[in-house]
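See below for the structure under consideration.
The values are calculated or read from the model by the stated rules, or taken from the named source; none is laboratory data. These numbers were taken from a predicted model, which means no experiment stands behind them. Cβ placement follows ideal geometry from the backbone for every residue including glycine, while neighbour counts extend to all protein chains displayed. Quick note on the areas: whole protein, heavy atoms, side chains included, nothing else; ligands and nucleic acids left out. Shrake-Rupley method; radii C 1.70, N 1.55, O 1.52, S 1.80 Å.
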Amino acid sequence: MTALASAGVPSGRPAELRAHDLGFRYQGAPRPALDGVGFELAAGQCLLVLGPSGSGKSTLALAIAGLVPREIPGTWRGSLKIDGTEISGLGREALGARVGIVFQDPRRQLVMDRVEDDVAFGLENRAWPVDAMRIRVPEVLAEVGLHGLERRRPTTLSGGQQQRLALAGVLAPEPGVLVFDEPTGSLDPDGTSALFDRLAAIRERRAATIVLVEHRVELAWPLADRILALGLDGRPIDEGRPDEVLARSGARMRDAGIWLPATIEAKLAGKAERRRREPRPGIGLPPASGPACAVATGLSFAYDRRPAVCDVDLEVAAGERVALGGPNGSGKSTLCRLLVGLLRPDLGSVRLDGRDPRAMRAPELARQAAYVFQEPELGFVTERVADEIVLGLPRAEHPAALELLERFGLPPATFAERNPYRLSGGEARRLSVAVALVRRPHLLVLDEPTFGQDRLGYEALVDILLERVDSGAAVIAATHDERLVADFAGRRLEMGEGRLVSDELLGRG
């Protein structure tokens, strides 16, 4: 029994959702984000929303939460109802009491200065009794794996821990409709498993209606009562029961870049045709005696006296493909930022080709190393995609930069004038990687590079990274994506509580 029942607080009632001819075009956008979308979802069912990057999945999630079109300017048409009432006509308080949403970027919904206060904030807005909140807040924080961090500042949490906190805030009041937009993107395997176990329990009890946008289809598919597959034009490819949708449109979904469970992929494509990256010349196991590209010695760093990286020794040679793993909060992102000079170590040193990165001038450092943030927009500095990709490059290199955009599925004809901050999550991540790659750094450090990527975007990313390794660059990718480890990495590092706990060479084939 949760705190809601024990304290006499009623939990949300699962609601029916219906959409008919739903369309939305963002203000100034060249085409609709959603166009002609329709579905019927009974109370207590789960709708799995699939589609390539930029197909309108996040826009639909925002619409169900009432943020589109109320808070975001654009042109709306059609109907989207909750229990027969148009969502766009409901007041904020009424809708907020019934629908909870986890954004693709969890930082957008963290508002307080302490972890426990952030969870309590949503309960206070729903007029929960203080005694009930005192029970429910620690209960839900423990459920998402944040026990012991109640008094931490959310800004000091890792990306995965922030995602757990956003989940806690949404799950705490047990609303009748739960909307999740890529909720596992930054979660470690334990966090991902715990979330899907929780969703499975909610679905089994029909305790809430669930709308789930998720690329990890192996885990999400079994939860789905209905599938909504969207195309790049924002129009539905198909909608219905999972078996019906696959029978009618499985091949179209695969061709559009939508991830499908491996067993289904095998049936559609045939095992002989399945894409499998084999060893390529020059990218077998890391060379035993390649030139040192990055060297960390006795590296330590703390936030507010809380150790994040502890006594790390590491060498990464030119041509290496390194996957950096470990639980949320283990220090992966901090280590990555130390390696490229974004943070100054408290103890120890970092050398890039023998030099201290923090002593280099910006143009020199850009040639030596590049870092792609877990939150792509932190690296953007212009308001046009075309300006972002060519910033600081000689004019003679502009055509090659624009060609790289094309390869990343961001054709200049469509994206050149777009604002980087208004791209979909997957598009923004691909742009951030392209911006880093175009300068041909010796060391490329990527923080969760495959989050939000459809199949086509993922394959383009891996192919381009392999080419850069062939040319002598070293790549370090902090990731929870086992697919990326299998397809790309030649070496695997694991962190735990700020320390490197394992360093393993991986075979290929």
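A few points about this structure:
- Counting the residues of the stretch 398-421 that are over 13 Å from Ala460 (Cα atoms) and touching a residue at least 24 places away in the same chain (Cβ under 8 Å) gives 11.
- Figure legend. Inter-residue proximity from the stretch 472-486: first residues farther than 20 Å from Glu182 by Cβ, second residues at pLDDT 95 or above and of a type in the set (Lys, Arg), beta-carbon distance below 7 Å, spacing 6+ or different chains. Indicated pairs: Val475/Arg321.
- Evaluation of Cys336 against (1) in a strand (DSSP E or B); (2) open to solvent by less than 30 Å² (accessible area, probe 1.4 Å) (one fails), failing number: (1)
- Single unsatisfied condition, Leu67 versus (1) touching a residue at least 40 places away in the same chain (Cβ under 8 Å); (2) open to solvent by less than 60 Å² (accessible area, probe 1.4 Å); (3) within 26 Å of the chain's Cα centre (by Cα): (1)
- Counting only strands (runs of 3 or more DSSP E) wholly contained in the stretch 36-137, the ones carrying 1 or more residues that are among the aromatic types (Phe, Trp, Tyr) occupy 74-82.
- Enumeration of residues in the stretch 460-478 that are within 19 Å of Gln374 (Cβ to Cβ), touching a Lys or Arg at 6+ places or on another chain (Cβ under 6 Å) and in a helix (DSSP H, G or I): none
- Flag if Ala401 is surrounded by fewer than 21 Cβ atoms within 10 Å (Cβ to Cβ) and either assigned to a strand (DSSP E or B) or of a type in the set (A, V, I, L, M, F, W, C) (or both): yes
- Scanning the stretch 347-363 for any residue that is modelled with pLDDT under 95, under 24 Å from the mean Cα position of the chain (by Cα) and in a loop (DSSP other than H, G, I, E, B) turns up nothing.
- Hey, Gly472 surrounded by fewer than 21 Cβ atoms within 10 Å (Cβ to Cβ), over 19 Å from the mean Cα position of the chain (by Cα) and either of a type in the set (S, T, N, Q) or at pLDDT 95 or above (or both) or not: no
- Out of Gly426, Gly457, Gly452, sole residue that is part of a loop (DSSP other than H, G, I, E, B) and surrounded by 19 or more Cβ atoms within 10 Å (Cβ to Cβ): Gly452
- Annotation note: Cβ proximity below 7 Å between a residue of the stretch 237-265 that is surrounded by fewer than 17 Cβ atoms within 10 Å (Cβ to Cβ) and a residue that is acidic (Asp, Glu) and assigned to a strand (DSSP E or B) (sequence gap 6+ or interchain) occurs for Arg248/Asp238.
- Residue satisfying condition, being touching a residue at least 40 places away in the same chain (Cβ under 8 Å), small (Gly, Ala, Ser) and under 29 Å from Gly54 (Cβ atoms), within set Gly392, Gly348: Gly392
- Restricting attention to the stretch 261-304, the residues being under 25 Å from Arg321 (Cα atoms), modelled with pLDDT under 85 and either in contact with a Cys (Cβ under 6 Å, 6 or more places away or on another chain) or not in a loop (DSSP other than H, G, I, E, B) (or both) number 1.
- Taken over the stretch 117-147, the criterion of being among the acidic types (Asp, Glu) and crowded, with 21+ Cβ neighbours inside 10 Å is satisfied by Asp118 alone.
- Considering the stretch 27-61, and only residues there that are modelled with pLDDT under 95, out of contact with any Asp or Glu (no Cβ under 8 Å at 6 or more places or on another chain) and at negative phi, the residue that is least open to solvent (accessible area, probe 1.4 Å) turns out to be Ala29.
- Single residue of Leu431, Leu500, Leu484, Leu506 found to be among the hydrophobic types (A, V, I, L, M, F, W, C) and closer than 22 Å to Arg107 by Cβ: Leu431
- Sub-6 Å Cβ pairs linking a first residue in the stretch 74-92 that is surrounded by 15 or more Cβ atoms within 10 Å (Cβ to Cβ) to a second residue that is basic (Lys, Arg) and modelled with pLDDT of 95 or more, at least 6 apart or interchain, are Gly74/Arg25; Lys81/Arg18, ordered by first then second residue.
- Residue in the stretch 362-372 that is open to solvent by 30 Å² or more (accessible area, probe 1.4 Å), without any contact (Cβ under 8 Å) to a residue 24 or more places away in the chain and farther than 27 Å from Arg430 by Cβ present: no
Okay, residues lined up against (1) outside any helix (DSSP H, G or I); (2) out of contact with any helix residue (DSSP H, G or I) (no Cβ under 8 Å at 6 or more places or on another chain); (3) surrounded by fewer than 17 Cβ atoms within 10 Å (Cβ to Cβ); (4) of a type in the set (Ser, Thr, Tyr):
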| residue | (1), (2), (3), (4) |
| --- | --- |
| Pro175 | yes, no, no, no |
| Ser186 | yes, no, no, yes |
| Arg198 | no, no, yes, no |
| Ala201 | no, yes, yes, no |
| Glu204 | no, yes, yes, no |
| Val211 | yes, no, no, no |
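- All of (1) open to solvent by 30 Å² or more (accessible area, probe 1.4 Å); (2) touching a Gly at 6+ places or on another chain (Cβ under 9 Å); (3) farther than 17 Å from Gly496 by Cα; (4) of a type outside the set (Val, Ile, Thr) hold for Arg344 with one exception: (2).
- When Ala477, Ala473 are checked against the criterion of being farther than 17 Å from Gly325 by Cβ and touching a strand residue (DSSP E or B) at 6+ places or on another chain (Cβ under 7 Å), a single residue qualifies: Ala473.
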